[in-house]
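Heads up: the structure comes next, in structure tokens.
The values are calculated or read from the model by the stated rules, or taken from the named source; none is laboratory data. Computed from a predicted structure; not experimentally measured. Cβ: placed from backbone, ideal geometry, glycine included. Neighbour counts: every protein chain shown.
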Amino acid sequence: MRVKVFQSAGQLSEFAAERFIEIGARAVSEKGAFSVALAGGSTPKDLYSLLASEKYREKISRESVFFYFGDERNVPPDDAESNYRMAKENLFDLLEIPVRNIFRWKTELKDEKSTAADYAKTLEETFDLSGGAFPRFDLILLGMGADGHTASLFPFTAALAENEKTAVANWAEKINAWRFTLTFPVINNASNVFFLVTGEDKAETLKEVLEGGRDPQRLPAQGVKPSNGELLWLVDRAAARLLETAKP
Ligand code: 6PG
């Protein structure tokens, strides 16, 4: 695991964009495809807009990149809270990514379990999995909440213990809502996992997660430990303010 501290969120996004392009180019040259699971929330918005900007847009092979979502809220795809909508507005529409290259959680299905089962089926089919194998993403982007959650793996929730399914519905008591999330076996099977964490409000939790005792039930972000992949924490100065080990 490496922690890189940036002077600003802007510099963090620039670095993340460069690595995104690099990982994507290698995946496309080696396999003809680049699979990435996007993070939701607000932090990655700048990165997505940057990837769609003049500086990077031509470096992304639209036909060969396949976008998935690490998690999704239990809202329609056009809802202001939708992670899919955020990515559509800041990345997909601007880059003109073909719809066939985007795999969103179908939150419009009849119930939460159907949405999760449908996504698991999508992963099985698009990664051509067999016998309970887990998809191996080239890159998974994650954020971290001030409570230590990541994706929609919230503290003390059932999904933390899921070690067979790839995609589940997870009841989050704290927010009194169903959420949809990839599970740890999928996240920890990725070739590259980047956390993007910025802002003063994350400083306390980031210190606990990176330098405190191991308690992944209370701090699910600690459960991210790729078994055969690179884990990179990209954090800005404000979020890193209390860290002993990593300085800008
Ligand atoms: C979501 C995310 C979630 C997010 C963190 C951090 O659906 O909200 O996937 O895990 O990454 O809550 O969110 P911010 O980037 O908004 O601080």
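Laid out as a table, the results:
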quantity: Residues of the range 12-51 satisfying the condition of being within 16 Å of the ligand (Cβ to nearest atom) and in a loop (DSSP other than H, G, I, E, B); calculated: Ala39, Gly40, Gly41, Ser42, Thr43, Pro44
quantity: The listed residue being touching a helix residue (DSSP H, G or I) at 6+ places or on another chain (Cβ under 8 Å), of a type in the set (Lys, Arg) and at pLDDT 95 or above, out of Arg104, Arg85, Arg100; calculated: Arg104
quantity: Residue identified as assigned to a loop (DSSP other than H, G, I, E, B), more than 19 Å from the chain's Cα centre (by Cα) and within 16 Å of Ala17 (Cβ to Cβ) among Glu63, Glu54; calculated: Glu54
quantity: Residue within the range 238-247 that is hydroxyl-bearing (Ser, Thr, Tyr) and surrounded by fewer than 21 Cβ atoms within 10 Å (Cβ to Cβ) present; calculated: yes
quantity: Index of the failed condition, Ala159 passing every other in (1) of a type outside the set (Asp, Glu); (2) under 18 Å from the mean Cα position of the chain (by Cα); (3) closer than 29 Å to Leu51 by Cα; calculated: (3)
quantity: Residues (without any contact (Cβ under 8 Å) to a residue 24 or more places away in the chain and of a type in the set (Gly, Ala, Ser)) located in the range 118-132; calculated: Ser130, Gly131
quantity: Selected residue (only one of Ala116, Ala169 is within 16 Å of the ligand (Cβ to nearest atom) and assigned to a helix (DSSP H, G or I)); calculated: Ala116
quantity: Test: residue in the range 136-153 that is away from the ligand (no atom under 16 Å from the Cβ), among the polar types (S, T, N, Q) and outside any loop (DSSP other than H, G, I, E, B); calculated: no
quantity: Checking Leu196 against (1) under 22 Å from Val75 (Cα atoms); (2) within 12 Å of the ligand (Cβ to nearest atom), the condition it does not meet; calculated: (1)
quantity: Members of the range 70-113 that are hydrophobic (A, V, I, L, M, F, W, C), closer than 16 Å to Val186 by Cα and within 15 Å of the ligand (Cβ to nearest atom); calculated: Trp105
quantity: Which numbered condition Ala172 misses (of (1) buried (at least 24 other Cβ atoms within 10 Å of the Cβ); (2) in contact with a Lys or Arg (Cβ under 7 Å, 6 or more places away or on another chain)); calculated: (1)
quantity: Inter-residue pairs, beta-carbon under 6 Å, first farther than 18 Å from Leu123 by Cβ and of a type outside the set (A, V, I, L, M, F, W, C) and in the range 90-106, second modelled with pLDDT of 95 or more and buried (at least 19 other Cβ atoms within 10 Å of the Cβ), 6+ apart; calculated: Asn90/Tyr48
quantity: Selection status of Ala221, closer than 30 Å to Ala117 by Cα, surrounded by fewer than 24 Cβ atoms within 10 Å (Cβ to Cβ) and within 12 Å of the ligand (Cβ to nearest atom); calculated: no
quantity: In the range 205-224, the residues that are touching a residue at least 40 places away in the same chain (Cβ under 8 Å) and among the charged types (D, E, K, R); calculated: Glu208, Arg218
